[in-house]
Amino acid sequence: KISESVASKSQSVSKEEIAKLRLERITALGRLEQLQALKQRERTEIQLAQAELDLRTLKAPRAGMVVEKSIEVGAWAKPGDALFRIVDIAQVELRLNLPQKAVARLRVGDRLQTSFESDRDPVAAEGIVYFVSPVADTSSGLVAVRMRFANPKGLIRPGVKAHVSGLPVRSAP
């Protein structure tokens, strides 16, 4: 455009040169539009590839560690089939079956000191009672009790034996 105004005023640029510059400008604009369209197409292809990957990616419903795989690569699974067993060890549960006398003073929310077996020294932790069965087992006379323990460092290995000691530690009402 500058060349055209200079050429018309001073007539120092030939008409052929102006035509050539116009053609180069049109070519550059066309190439710019072509590259912009290509970039948009690539963005769309990336989004489609990501959506396809998401469809083929298994996502666990919660954080944890895979401890068991129940299906082999290439095998078919139906919706609802369990494919993996995932364990979250950030919190562990202790299941107890206690005599009725031991449970008589136990309440939901009580805190109990517990010692868990370990490959080194026992791991001491305080757990919270979250369930005390209202009924005893008819054959054994034992009452089911469930406790939860915070395990942020993973020191308590799920499945190990534990020893619960002492009476409940109750906080003031």
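The values are calculated or read from the model by the stated rules, or taken from the named source; none is laboratory data. Everything numeric in this text was worked out from a predicted model, so none of it was measured. Cβ coordinates were reconstructed from backbone atoms using ideal geometry, including for glycine residues, and neighbour counts include every protein chain displayed. To get the accessible areas, we keep the full protein, side chains included, count just its heavy atoms, and leave off ligands, DNA and RNA. Shrake-Rupley method; radii C 1.70, N 1.55, O 1.52, S 1.80 Å.
Under 7 Å between Cβ atoms, at least 6 apart or on separate chains: pull out the pairs that start in the stretch 153-166 with a residue that is under 16 Å from Asp121 (Cβ atoms) and touching a residue at least 40 places away in the same chain (Cβ under 8 Å) and end on any residue that is open to solvent by 70 Å² or more (accessible area, probe 1.4 Å) and assigned to a strand (DSSP E or B).
Ser165/Gln113
Against the condition exposed (fewer than 11 other Cβ atoms within 10 Å of the Cβ), of a type in the set (Ser, Thr, Tyr) and modelled with pLDDT under 85, how does Ser12 come out, does it pass?
yes
Return the total of residues in the stretch 39-82 being open to solvent by 80 Å² or more (accessible area, probe 1.4 Å) and assigned to a helix (DSSP H, G or I).
Going through the stretch 39-82 one residue at a time, the tally reaches 13.
Only one residue in Ser115, Ser133, Ser70, Ser140 is touching a Pro at 6+ places or on another chain (Cβ under 8 Å) and hydroxyl-bearing (Ser, Thr, Tyr). Which one?
None of the other options fit; the residue is Ser115.
Please specify each residue of the stretch 83-115 satisfying the condition of being hydrophobic (A, V, I, L, M, F, W, C), closer than 11 Å to Tyr130 by Cα and open to solvent by 60 Å² or more (accessible area, probe 1.4 Å).
The one that is hydrophobic (A, V, I, L, M, F, W, C), closer than 11 Å to Tyr130 by Cα and open to solvent by 60 Å² or more (accessible area, probe 1.4 Å): Val108.
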